[in-house]
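One structure is given here, and the rest of the page talks about it.
The values are calculated or read from the model by the stated rules, or taken from the named source; none is laboratory data. Computed from a prediction, not measured in an experiment: that's the story for all the values here. Cβ atoms come from the backbone with ideal geometry, glycine included; neighbour counts cover every protein chain shown. For accessibility, only protein heavy atoms count, side chains too; no ligands or nucleic acids. Shrake-Rupley method; radii C 1.70, N 1.55, O 1.52, S 1.80 Å.
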Amino acid sequence: MAESHDAKKIGLIGIGLVGVALAEQLTSHGYSVVGYDIARERIDQLQHVGGKAANSPAEAAGGVDRVLLSLPDAAAVRQVLEGPGGILEAETPPAYVIDTTTGDPDETIELAERLAQRGVALLDATISGSSRQIRERQGVFMVGGARLAFDACLDVFRALSDRVFYLGPSGAGSKAKLATNLVLGLNRLVLAEGLVFAEKLGLDPAGFLELLRVSPAYSAAVDTKGAKMVRGDFTPEARLKQHYKDVGLILRYAAQAAQELPLSKAHADILQKAIEAGDGDLDNSAVINEVRRRHTR
């Protein structure tokens with residue numbers, strides 16, 4: 001493992017919606033965050049919330065024991081870790097990498113094995129929750145990896161959320177994220193379809209949403225996405241195209257397990273059409289747009 005550094009100094013690679021929310025939580029708990037992103041404007045966002053800028057992943061990882069990753073997919077994780085200027089090229093690589101990316105579980109396991117040979121412990125620490133929920137300490141962390149590594153990073157997790165679950169060896173966090181995202185995404189889609197159906201029946205969508213809150217049909221999606229759907233406010237907290245990527249992973253792993261997922265297949269088609277219509281960069285609540293388009297055909 002790397003030599004010990006200031007435990008309150010954290011590296012952060014990936015400063016998108018989730019990355020900024022993570023940085024805000026860490027700085028508010030007294031951590032010094034040094035971050036990098038390929039987009040300059042995102043590094044400016046990090047500095048705005050009290051973080052410091054690095055010029056490469058290797059620079060962000062230099063002089064820290066723990067590095068957080070918040071990236072779009074497994075390919076980006078590999079590039080940031082093992083590519084030119086990557087974390088492993090730091091003069092002293094970190095002891096722990098906490099990867100919040102929703103990635104491929106098999107690739108996560110293989111990567112953890114490669115990093116272990118370099119003395120770096122990888123934790124796949126996926127998050128259930130949007131950037132807003134992370135800011136409100138409502139994100140749920142699902143962590144896989146060596147138990148000793150998890151214990152060594154527990155202070156970081158506790159700074160980010162009160163809802164932290166250690167699930168087992170490498171890959172467990174990634175697998176749990178896929179399974180929870182299956183349920184979460186379908187809850188969101190059902191809510192969208194129900195709101196449009198109620199509207200078509202002549203009901204007031206806002207009033208119907210309040211009814212759902214106290215009925216057996218309630219789900220957390222009612223609280224997190226209902227108002228956005230009713231108002232048509234699709235300012236992104238979690239982008240639609242990212243969930244489409246996740247559903248693709250879900251279907252691939254279901255096929256490997258010989259499980260049929262008819263609802264997720266339908267969901268993937270709806271998300272694909274939403275992206276083709278230009279909604280990919282909107283909040284995932286914008287799935288209601290595609291439901292409405294299908295009702296008008």
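State which residue pairs qualify: first residue over 20 Å from residue 195 (Cβ atoms) and free of Cβ contacts under 8 Å to residues at least 40 places away in the same chain and inside the range 263-291, second residue buried (at least 21 other Cβ atoms within 10 Å of the Cβ) and among the aliphatic types (A, V, I, L, M) in any location, beta carbons under 7 Å apart, and separation of 6 or more residues or different chains.
So the pair list comes out as 268/247; 275/240.
Does the range 64-110 hold any residues that are touching a Lys or Arg at 6+ places or on another chain (Cβ under 7 Å) and free of Cβ contacts under 8 Å to residues at least 60 places away in the same chain, and which are they?
Within the range 64-110, 64, 88, 96, 98 meet the criteria.
Have a look at 278, 226 and point out the one that is open to solvent by 30 Å² or more (accessible area, probe 1.4 Å) and out of contact with any Pro (no Cβ under 8 Å at 6 or more places or on another chain). Before you say what the answer is, go through the steps one by one.
On the way: 226 fails: open to solvent by 30 Å² or more (accessible area, probe 1.4 Å).
None of the others qualify; the one that does is 278.
Which condition number in (1) assigned to a helix (DSSP H, G or I); (2) surrounded by fewer than 18 Cβ atoms within 10 Å (Cβ to Cβ) is the one that residue 289 fails?
Residue 289 satisfies all of (1) assigned to a helix (DSSP H, G or I); (2) surrounded by fewer than 18 Cβ atoms within 10 Å (Cβ to Cβ) except (2).
List every residue pair whose Cβ atoms sit under 7 Å apart, with the two residues 6 or more apart in sequence or on different chains, where the first one lies in the range 228-251 and is over 12 Å from residue 130 (Cα atoms) and the second, anywhere, is at pLDDT below 95 and crowded, with 20+ Cβ neighbours inside 10 Å.
From residues that are over 12 Å from residue 130 (Cα atoms), the pairs are 246/102; 249/104.
Within the range 214-223, which residues are open to solvent by 30 Å² or more (accessible area, probe 1.4 Å) and either in contact with a Phe, Trp or Tyr (Cβ under 7 Å, 6 or more places away or on another chain) or within 20 Å of residue 132 (Cα to Cα) (or both)?
Within the range 214-223, 220, 223 qualify.
Is there any pair with a first residue in the range 144-156 that is under 20 Å from residue 103 (Cα atoms) and a second that is open to solvent by 10 Å² or more (accessible area, probe 1.4 Å) and assigned to a helix (DSSP H, G or I) whose Cβ atoms are under 6 Å apart and which are 6 or more apart or on different chains, and what are they?
That search, which allows pairs on different chains as well, returns 144/172.
If residue 49 passes every condition in (1) touching an Asp or Glu at 6+ places or on another chain (Cβ under 6 Å); (2) open to solvent by 10 Å² or more (accessible area, probe 1.4 Å); (3) closer than 21 Å to residue 123 by Cβ but one, which one does it miss?
(3)
Quick one: in the range 118-133, which of the residues that are under 18 Å from residue 80 (Cβ atoms) and without any contact (Cβ under 8 Å) to a residue 60 or more places away in the chain is surrounded by the most Cβ atoms within 10 Å (Cβ to Cβ)?
124
Would you be able to say whether some residue in the range 183-200 is under 18 Å from the mean Cα position of the chain (by Cα), crowded, with 21+ Cβ neighbours inside 10 Å and not basic (Lys, Arg)?
Of all residues in the range 183-200, those under 18 Å from the mean Cα position of the chain (by Cα) come to 183-188.
Add one more test, that the residue is crowded, with 21+ Cβ neighbours inside 10 Å, and what stays is 184-185, 188.
Applying the additional criterion that residues be not basic (Lys, Arg) yields 184-185.
Looking for residues that are under 18 Å from the mean Cα position of the chain (by Cα), crowded, with 21+ Cβ neighbours inside 10 Å and not basic (Lys, Arg), one finds at least one in the range 183-200, hence yes.
Could you list all residues from the range 253-264 that are exposed (fewer than 14 other Cβ atoms within 10 Å of the Cβ) and within 23 Å of residue 107 (Cβ to Cβ)? Spell out the reasoning first.
Narrowing the range 253-264 to residues exposed (fewer than 14 other Cβ atoms within 10 Å of the Cβ): 255-260, 262-263.
Result: 255, 256, 257, 258, 259.
Taking residue 76 as the residue in question, decide whether it is modelled with pLDDT under 95, open to solvent by less than 50 Å² (accessible area, probe 1.4 Å), of a type outside the set (Val, Ile, Thr) and more than 17 Å from the chain's Cα centre (by Cα).
no
Kindly evaluate residue 36 against the criterion of being buried (at least 22 other Cβ atoms within 10 Å of the Cβ) and farther than 16 Å from residue 125 by Cβ. Show your work before the answer.
Details: buried (at least 22 other Cβ atoms within 10 Å of the Cβ): yes; farther than 16 Å from residue 125 by Cβ: yes.
Criteria met by residue 36.
Of the conditions (1) more than 26 Å from residue 244 (Cα to Cα); (2) surrounded by fewer than 20 Cβ atoms within 10 Å (Cβ to Cβ); (3) aliphatic (A, V, I, L, M), residue 164 clears all except one; give me its number.
The single condition residue 164 does not satisfy is (1).
Scan 39, 60, 23 and give me the residue that is more than 20 Å from the chain's Cα centre (by Cα) and under 26 Å from residue 242 (Cβ atoms).
Numbers: 39 fails: more than 20 Å from the chain's Cα centre (by Cα); 23 fails: more than 20 Å from the chain's Cα centre (by Cα).
Residue meeting the stated conditions: 60.
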